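Each remark here refers to the structure printed beneath this line.
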Amino acid sequence: MNESPIPQIDVNVRIAKLEKEHNLLKKYLVKLKRQVEKLTEKINGESRESDEGASNQIPELNTQIPEKVNYFSDEELQVERILLLVGFYADDETIEKPAISAEELVQRYNKGERDFSGLNLAGINLSGANLSGGNFIDTNLQQANLSSADLTNCDFSDANLISADLTKANLRTAKLLQTNLSRANLSKANLIGANLTAANLSNTNLTEANLEANLTAADLSEANLKRATFGRVNLSGAILRKTNLVGVVLQRNLAGVDLSEAKLCGANLSIAKLMGANLSLADLRGVNFTQANLEKANFKEANLGGAILEQAKLTGAIMPDGTIHE
């Protein structure tokens with residue numbers, strides 16, 4: 001009696017499930033690798049302290065044979081066990097072959113499929129593709145080419161977009177919650193209405209991008225935001241440390257925001273709310289602070305050469321020389 005063939009749809013579902021499980025395993029093992037690194041640092045530190053202490057003491061000869069010998073500390077045993085699990089899986093710099101080709105993904109999209117969550121699409125070339133409304137939650141798109149792609153209303157939450165090319169991409173109203181966009185290229189990208197809450201945008205290129213988006217608690221440290229458009233951006237709790245904001249217009253609520261060591265030469269921050277903001281060591285030459293609220297802001301060691309502070313509120317602000325403004 002011949003067995004009935006497995007329907008193609010069941011095969012596709014099983015493949016997608018296996019791909020998702022594989023990616024979850026890899027993600028878990030990457031975390032294990034980081035634990036190994038932390039434990040190794042701890043062990044090395046304890047070893048150095050032990051060596052330094054021993055060098056100042058005269059060792060006593062102990063001729064008794066111990067009943068039990070401990071060859072490894074608890075931390076060392078943890079490292080050995082984790083390393084057995086990690087193997088070659090945990091190299092987060094390794095770019096695996098995409099689970100499906102760009103051609104197949106576009107074909108499936110054109111047939112009405114929208115769920116591509118959890119897939120490994122690292123390095124895939126989808127330049128100029130229309131993928132609006134697609135679900136890419138927890139998808140690996142590291143080093144993918146999505147330049148000029150239509151990604152309107154897509155969901156990239158928890159996705160890996162490290163070093164991805166999103167030049168001129170349309171990300172209007174897209175969801176990028178906790179998305180890793182570190183070192184990605186988003187120059188001239190359209191992010192109007194996008195939600196980037198807690199996203200990692202460190203070292204990202206956002207020159208001339210339209211950032212009228214929700215960037216609450218986003219990490220923009222060392223990002224390039226030169227000539228970016230902010231409009232009604234929400235930067236509550238965002239990290240802008242060492243960020244390039246040369247010449248931008250940012251007349252928003254920046255209370256408590258970390259702008260330490262940022263480059264803001266020639267920026268327009270008039271009427272901005274910077275209460276309690278950290279601007280220490282920032283380059284603020286020629287910045288327009290007219291009518292800005294700078295109460296209790298930290299300007300310690302900042303360069304305020306040529307800055308315009310007309311009608312600005314500076315009560316309690318820490319000035320570049322360390323004095324507190326009355």
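The values are calculated or read from the model by the stated rules, or taken from the named source; none is laboratory data. This structure is a prediction, so every number in the text was calculated from the model and none was measured. Please note: Cβ atoms are built from the backbone with ideal geometry, for glycine as well, and neighbour counts cover all protein chains shown. When the accessible area is computed, the model is the full protein with side chains, heavy atoms only, and any ligands, DNA or RNA have been set aside. Shrake-Rupley method; radii C 1.70, N 1.55, O 1.52, S 1.80 Å.
The table that follows gives values for the structure above.
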item: Unmet criterion (only one of (1) open to solvent by 10 Å² or more (accessible area, probe 1.4 Å); (2) polar (S, T, N, Q); (3) at pLDDT 95 or above) for residue 251; result: (3)
item: Answer residue from the range 236-264, given it is assigned to a loop (DSSP other than H, G, I, E, B) and β-branched (Val, Ile, Thr) and is farthest from residue 282 (Cα to Cα) among those; result: 248
item: Any hit, the range 196-205, residues being open to solvent by less than 30 Å² (accessible area, probe 1.4 Å) and touching a Gly at 6+ places or on another chain (Cβ under 8 Å); result: no
item: Residues being over 14 Å from the mean Cα position of the chain (by Cα) and either modelled with pLDDT under 95 or of a type in the set (A, V, I, L, M, F, W, C) (or both) - total across the range 235-248; result: 7
item: Qualifying positions in the range 147-191 - open to solvent by less than 10 Å² (accessible area, probe 1.4 Å), closer than 19 Å to residue 115 by Cα and either touching a residue at least 24 places away in the same chain (Cβ under 8 Å) or under 18 Å from the mean Cα position of the chain (by Cα) (or both); result: 156, 159, 161, 171, 174, 176, 179
item: Qualifying residue in the range 122-135 (condition: buried (at least 19 other Cβ atoms within 10 Å of the Cβ), on the phi < 0 side of the Ramachandran plot, without any contact (Cβ under 8 Å) to a residue 24 or more places away in the chain and among the β-branched types (Val, Ile, Thr)); result: no
item: Residues satisfying the stated conditions in the range 297-313, i.e. within 33 Å of the chain's Cα centre (by Cα), assigned to a loop (DSSP other than H, G, I, E, B) and surrounded by 14 or more Cβ atoms within 10 Å (Cβ to Cβ); result: 297, 299, 300, 301, 302, 304, 307
item: Those residues of the range 177-230 which are under 16 Å from residue 142 (Cβ atoms), part of a loop (DSSP other than H, G, I, E, B) and not small (Gly, Ala, Ser), in sequence order; result: 178, 179, 181, 183, 186, 201, 203, 204
item: From 280, 270, residue being within 26 Å of the chain's Cα centre (by Cα), without any contact (Cβ under 8 Å) to a residue 40 or more places away in the chain and either open to solvent by 10 Å² or more (accessible area, probe 1.4 Å) or at positive phi (or both); result: 280
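Table: residues versus (1) out of contact with any Asp or Glu (no Cβ under 6 Å at 6 or more places or on another chain); (2) closer than 30 Å to residue 193 by Cβ.
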residue: 215; (1), (2): yes, yes
residue: 221; (1), (2): yes, yes
residue: 224; (1), (2): yes, yes
residue: 232; (1), (2): no, yes
residue: 250; (1), (2): yes, yes
residue: 279; (1), (2): yes, yes
residue: 299; (1), (2): yes, no
residue: 303; (1), (2): no, no
